[in-house]
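Peer 1: One structure coming up, written as structure tokens, with questions to follow.
Read the figures in this text as sums done on the coordinates, not as results from a lab. Bear in mind the structure is a predicted one, so any value in this text is a computation, not a measurement. Here Cβ is always computed from backbone atoms with ideal geometry, including for glycine, and neighbour counts include all displayed protein chains.
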Amino acid sequence: MAEGIVDDVWRGWRDPRGAMAREVAAGLSEARSLLHLMLACGLLFVASLPNALREARGLDIADPVEGAIAAHLFGYLALAPLLVYGLATRRVAAVVAAALGAVAGLVGLLAGGA
């Protein structure tokens, strides 16, 4: 029997540590990380739809529901992945750490230094 995504989710629910170990053993790649990021953003978009409908009541435009949903769609499926991807870079992480008052050793470590 072939194992699919539903089986992976079920095993992840039952044994999160083992599920993560299997993910790491399968190989870490940028494509796989981007897939997980886009899936998460898609789920967040769907979860935000009730809020978008509530916000649509207060909009004074021709089609408020379409406008609110379009704004959430753009935010979750276009902007959010770009922001998360940008935060994942080492340079941005080092700048954020320095801005938050991190010590020089930690900033060097985040930037890839020894």
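Peer 1: Of Val46, Val84, Val95, which has the largest mean-square fluctuation in a 10 Å C-alpha GNM of the chain?
Peer 2: In this elastic network of the chain, the residue with the biggest mean-square fluctuation among Val46, Val84, Val95 is Val95.
Peer 1: Determine the dipole magnitude for the chain: charges of +1 sit on the beta-carbon of Lys and Arg, -1 on that of Asp and Glu, nothing else is charged, the reference point is the Cα centre, and the result goes in debye to the nearest 20.
Peer 2: Computed charge dipole of the chain: roughly 440 debye.
Peer 1: Now, a different point. Taking only DSSP H segments of four or more residues, each worth -39500 (n - 2.57), what value at 222 nm results for the chain once the sum is divided by all its residues, to the nearest 500 deg cm²/dmol?
Peer 2: Values: 7 runs with 84 residues, N = 114.
Value at 222 nm, helices only: -23000 deg cm²/dmol.
Peer 1: Another one. Using the Kirkwood formula on the Cα atoms of the chain, what hydrodynamic radius do you get, in angstrom to one decimal?
Peer 2: This gives a value of 17.5 Å.
Peer 1: Next question, about the same structure. Please report the spacing between the Cα centers of the stretch 11-38 and the stretch 39-82 in Å, no decimals.
Peer 2: Between the Cα centres of the stretch 11-38 and the stretch 39-82 lies a distance of 28 Å.
Peer 1: What is the chain's relative contact order, in percent, from Cα pairs under 8 angstrom and six or more apart in sequence?
Peer 2: 16 percent
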